[in-house]
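Visitor: Can you read through this structure? Questions will come right after.
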Amino acid sequence: MGQLSSADTTETQADDEVVVEVDERRQAVLDELTARLGDAVVGSHIRPGNDLWVRVDRSAWPAAAAAAKAMGYTFFDFLSAIDWLPSPFGRDMDAQEDLLVSGAPAKEQAPIVQGYAGGETRFQVFARLYSISAGLGVTFKADVPDDDLSIGTWSSTFAGANWHEREAFEMFGISFDGHPNLIKLYLPSDFQGFPLRKDFPLLARRVRPWPGIVDVEPMPGSGDDAEGDGE
Amino acid sequence: MTATSDREQLAEIAAKANDNRVNLDFETEGMTLNMGPQHPATHGTLRIVAKLDGEQVISAEPIPGYMHRGYEKLTEVRTYPQVNALVNRIDWLGSFANEVPFILAAETLMGVEAPPRAQWIRTILFEMSRIANISLFLGDYGLQLGGMTAAFYAFRDREHVLNQIESATGGRFHPNFDRIGGLKDDLPKGWIADTHRAMDKLIAFCDEMDTLLIGNEIFQSRTRGIGVIPADVALSYGLSGANLRASGVDWDLRRDACPPGMVYDQADWKVWTHPDGDCFGRTWVRMQETREAALIVKQLLDTIPSGPVMAKVPRIIKVPEGEAYVETENPLGAMGYYIVSKGELVPFRVKIRSASFNNISIVPWVARGAYVPDLISILGSLYFILGDIDR
């Protein structure tokens with residue numbers, strides 16, 4: 001599995017000739033989380049002066065919430081999921097479905113590439129907590145394997161996670177063990193399918209072509225420079 | 001109607017409510033009250049299923065989704081500038097404020113920063129959206145509690161702000177004015193002086209509301225001590241904005257974590273909190289914030305730098321690979337966008353953290369044990385916009 005960034009905690013700084021920035025405050029947070037959770041921290045990423053990502057093992061997902069809360073991360077921001085599958089539908093300019101209509105051969109499915117802090121599965125749950133006293137936020141991630149789409153609940157630690165988990169449940173089909181009331185939130189109870197999964201087609205896009213196509217026509221006189229008058 | 005004579009449930013409520021008025025001895029039959037989806041107190045189509053025992057609420061479960069527009073899915077098939085037009089419609093009373101965190105998140109990934117003049121105007125318009133949003137709340141909340149006069153004053157004075165937003169951006173409700181790297185356009189001629197006058201009117205409006213609504217005895221008896229939310233509960237539900245500050249938490253993203261691209265540090269202003277955490281506190285904090293916002297706008301208008309309003313960005317926006325989360329202090333509370341980009345014209349995934357979603361998820365907790373008329377006070381004071389819940 002490819003990764004956008006170094007997942008190793010020791011290599012979070014930019015690699016080559018770029019000035020090596022070290023974010024001591026976020027590094028300290030990461031170190032403390034690692035100390036509290038041990039081997040459960042399986043990946044991390046720091047963007048200096050901006051943000052911190054921590055990926056924990058699925059079994060330690062509820063423990064990560066409790067540990068962070070004990071560290072002062074008491075403000076619950078959000079919880080959701082990501083489907084890393086590259087969309088087979090009209091997300092891109094040369095959407096598979098649109099090409100098939102025009103008779104072009106089907107493209108090979110692009111590989112799944114996870115984001116910051118790495119990952120090994122198609123689905124990831126991610127959540128964000130904020131420490132008001134420290135003024136820092138942390139984004140937690142955890143892998144959820146395809147054959148067992150379930151993970152522990154945060155709602156016992158953060159009451160606000162209740163609705164967020166219900167939303168992730170109906171939109172991605174991920175179940176949260178121990179959730180008190182895991183029913184659909186927005187969708188009708190008999191709705192079939194998981195709308196935010198990448199392989200769930202957006203029907204509006206199937207009946208009407210991609211509106212962004214207008215934006216990529218070359219401007220008159222700009223030649224072939226797709227970047228326009230930038231830089 | 002469904003009967004709720006579950007003894008255990010009643011016993012639990014009875015234990016929790018301080019003034020125990022649940023009649024366990026007679027075992028009166030409960031009833032289910034459906035509020036909405038159409039209800040004046042909901043700013044949209046929210047349905048609340050309340051189970052009652054007499055006048056007391058045993059449980060209240062909000063049922064959102066009547067207005068879900070699937071923005072998180074739609075963002076995956078729209079270019080970044082097109083997403084800007086979508087996010088305008090999340091909190092439709094403070095539209096410009098919705099654009100800003102999205103644009104800032106995209107700017108973080110692209111590594112561009114708007115020129116100083118654009119940052120100033122962005123902050124000014126952001127605060128004007130706050131005034132437009134909250135001044136309606138002040139009027140509407142009075143209306144919900146039976147005080148009709150305040151609504152007329154609010155609609156009259158909100159017009160001054162909307163006119164200024166319109167003359168600068170071309171849109172009263174959906175400006176779509178913010179751009180990655182700056183703003184669509186510069187300010188029109190004479191706008192600064194006009195806005196100064198409008199802000200003076202809004203400050204007078206706040207003083208008026210202070211006496212007309214906040215100081216009203218009936219209003220106070222309907223809101224004081226009703227729907228109390230302690231700070232730790234508020235934090236764990238992720239309440240933000242005035243709802244959190246009314247519980248005594250001194251936290252404002254504008255002051256404490258002002259993202260690059262906004263200039264709140266250039267003005268001298270104050271974050272208001274209230275210790276009580278009740279409906280009155282939430283209203284009072286909002287009224288103070290409206291006045292404070294007008295003062296911020298007036299200060300920034302005086303120091304607005306000259307220069308361009310747009311940085312050099314490619315005409316066709318491709319955001320580099322990466323993830324970014326930017327959160328700002330919107331009129332309704334903390335609003336953020338988590339953007340995952342794969343280096344294409346469209347975002348790979350956008351998670352929209354809207355303030356009302358968290359703010360309203362506390363309703364089952366706070367409504368339990370309340371009386372039916374207080375339910376209106378509580379819902380109104382939590383102040384949600386349905387577009388901000390359903391997205």
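Visitor: Kindly express, to the nearest 10 degrees and within the range 0 to 90, the angle between helix B:191-209's C-alpha long axis and the longest C-alpha principal axis of chain B.
Guide: It works out to around 10 degrees.
Visitor: Fewest to most neighbouring Cβ within 10 Å: what's the order for B:258, B:206? Numbers along the way, then the final one.
Guide: Details: B:258 17, B:206 23.
Fewest to most other Cβ atoms nearby, the residues stand as B:258, B:206.
Visitor: Take the Cβ-Cβ distance between residue A:147 and residue B:344 as r, set R0 to 25 Å, and report the resulting FRET efficiency rounded to the nearest 0.05. The partial results should precede the final answer.
Guide: On the way: r = 30 Å, r/R0 = 1.18.
So the FRET efficiency works out to roughly 0.25.
Visitor: If you don't mind, there's one more thing I want to ask. Only counting other Cβ atoms within 10 Å, I'd like B:270, B:342, B:189 sorted with the fewest neighbours first.
Guide: Working: B:270 13, B:342 20, B:189 8.
Listing B:270, B:342, B:189 from fewest to most nearby Cβ atoms yields B:189, B:270, B:342.
Visitor: Would you work out the charge dipole size for region B:300-391 about its Cα centre, treating the Cβ of every Lys and Arg as +1 and the Cβ of every Asp and Glu as -1, and quote it to the nearest 20 debye?
Guide: Details: 9 positive and 9 negative charges, 79 e Å.
Dipole about the Cα centre, nearest 20: 380 debye.
Visitor: Treating the angle as unsigned and between 0 and 90°, give the value, to the nearest 10°, between the Cα long axis of helix B:116-144 and the longest Cα principal axis of chain B.
Guide: Roughly 20 degrees between the two axes.
Visitor: Quick one: putting +1 on the C-beta of Lys and Arg, -1 on the C-beta of Asp and Glu, what dipole do you get for chain B around its Cα centre, in Debye to the nearest 20? Let's see the in-between values first.
Guide: Details: 39 positive and 49 negative charges, 262 e Å.
Around 1260 debye, computed over chain B.
Visitor: Averaged over B:321-327, how many beta carbons belonging to a partner chain fall within 10 Å of each residue's beta carbon? Display every interim value, and only then the final one.
Guide: Details: counts 5, 6, 13, 4, 9, 2, 5.
Shielding by partners across B:321-327 averages 6.
Visitor: Oh, and also: Show me, bin by bin at 10 Å from 0, the whole-percent P(r) of region B:71-353 based on Cα pairs.
Guide: Percent of Cα pairs in each bin: 7, 29, 34, 22, 7, 1.
Visitor: Net charge around residue B:61, counting only other residues with Cβ within less than 11 Å of its Cβ (Lys, Arg = +1; Asp, Glu = -1)?
Guide: Numbers: positive: B:47, B:51, B:368; negative: none.
Once positives and negatives cancel, what remains is +3.
Visitor: Going by how many other Cβ atoms sit within 10 Å of their own, how do B:161, B:372, B:87 line up, fewest first? Could the numbers behind the result be given before it?
Guide: Values: B:161 28, B:372 16, B:87 25.
Going from least to most buried by this count: B:372, B:87, B:161.
Visitor: Sticking with this one: Which value, in Å to one decimal place, does the Kirkwood hydrodynamic radius take for region B:99-206 when every pair of different Cα atoms is included?
Guide: Numbers: mean 1/r = 0.0670 Å⁻¹.
Result for region B:99-206 stands at 14.9 Å.
Visitor: Moving to a separate point now. Tell me the label-point distance for the pair residue A:202, residue B:68, using the 7 Å Cα-to-Cβ offset, in nm and rounded to one decimal.
Guide: 1.6 nm
Visitor: Quick one: 3J(HN,Hα) in Hz for region B:45-57, Karplus 6.51/-1.76/1.60 with θ = phi - 60°, rounded, Gly and Pro as x.
Guide: Those phi angles translate into 10, 10, 10, 10, 9, 10, 9, 10, 10, x, 9, 9, 8 Hz.
Visitor: Another question about this same structure. Once you keep just the Cα pairs under 8 angstrom separated by 6 or more residues, what percentage relative contact order results for chain B?
Guide: Taking the mean separation of contacting Cα pairs over the length of chain B, I get 25 percent.
Visitor: Can you give me the long-range amide H partners of residue A:185? Hydrogens built in the peptide plane at 1.01 Å from N, cutoff under 5 Å, separation of 5 or more residues or another chain.
Guide: Those lying under 5 Å, H to H, from residue A:185 are A:170.
Visitor: So what's the gap between the Cα centers of region B:272-292 and region A:152-173, to the nearest angstrom?
Guide: With region B:272-292 and region A:152-173 each reduced to a Cα centre, they are spaced 30 Å.
Visitor: Using a basic spin-label model with each label point 7 Å from the Cα along Cα→Cβ, how many nm lie between residue B:311 and residue B:196?
Guide: Taking the two extended label points, one gets 3.1 nm.
Visitor: How many partner chain Cβ atoms sit within 10 Å of a residue's Cβ in peptide B:75-83, on average, as a whole number? Kindly include the intermediate steps, with their values, before the conclusion.
Guide: Numbers: counts 0, 8, 12, 5, 6, 1, 2, 3, 0.
Partner Cβ neighbours, averaged per residue: 4.
Visitor: Report the net charge of residues surrounding residue B:115, where surrounding means a beta-carbon distance below 13 angstrom and charges are Lys +1, Arg +1, Asp -1, Glu -1. Show your work: numbers first, answer last.
Guide: Working: positive: B:117, B:122, B:179, B:312; negative: B:107, B:113, B:186.
Within the 13 Å Cβ shell, the charges total +1.
Visitor: Now for a different question. Kindly state, to the nearest 0.05, the FRET efficiency for residue A:184 paired with residue B:163, given R0 = 35 Å and r defined as their beta-carbon distance.
Guide: Details: r = 43 Å, r/R0 = 1.22.
Computed FRET efficiency for residue A:184 and residue B:163: 0.25.
Visitor: At 222 nm, what value in deg cm²/dmol follows for chain B if DSSP H runs of at least 4 each add -39500 (n - 2.57) and the sum is divided by all its residues, to the nearest 500?
Guide: Details: 16 runs with 180 residues, N = 391.
Rounded to the nearest 500, the figure is -14000 deg cm²/dmol.
Visitor: First select every other residue whose beta carbon is under 12 angstrom from the beta carbon of residue A:182; then total the charges, Lys and Arg +1, Asp and Glu -1. Walk me through the numbers on the way to the answer.
Guide: Values: positive: A:166, A:184; negative: A:165, A:167, A:170, A:177.
Cβ neighbours under 12 Å give a net charge of -2.
Visitor: Just how far, in whole angstrom, is region A:21-74 from region B:174-241 if you go by their alpha carbon centroids?
Guide: Taking the Cα centre of each part, region B:174-241 and region A:21-74 sit 36 Å apart.
Visitor: To the nearest whole number, what is the average tally of beta carbon atoms from other chains within 10 Å of the beta carbons of peptide B:363-372? Each step should come with its number before you reach the end.
Guide: Working: counts 0, 4, 2, 0, 0, 0, 0, 0, 0, 0.
Whole-number average of other-chain Cβ neighbours for B:363-372 is 1.
Visitor: If one computes the Cα centroid of region A:125-146 and of region B:61-78, what distance in Å separates the two points?
Guide: Each part reduced to its Cα centre gives a spacing of 23 Å.
Visitor: Still on this model: Of B:221, B:129, B:193, whose Cα points farthest to the positive end of the dipole of chain B (charges on the beta-carbon: +1 Lys, Arg; -1 Asp, Glu; origin at the Cα centre)?
Guide: B:193
Visitor: For the pair residue B:113/residue A:32, report the inter-label distance in nm, with labels modelled 7 Å from Cα in the Cβ direction.
Guide: 2.8 nm
Values in this text are rule-based calculations from the coordinates and carry no lab data. Quantities reported herein were computed from a predicted structural model and do not represent experimental measurements. Reconstructed Cβ throughout: ideal geometry from the backbone, glycine too, with neighbour counts over all protein chains shown.
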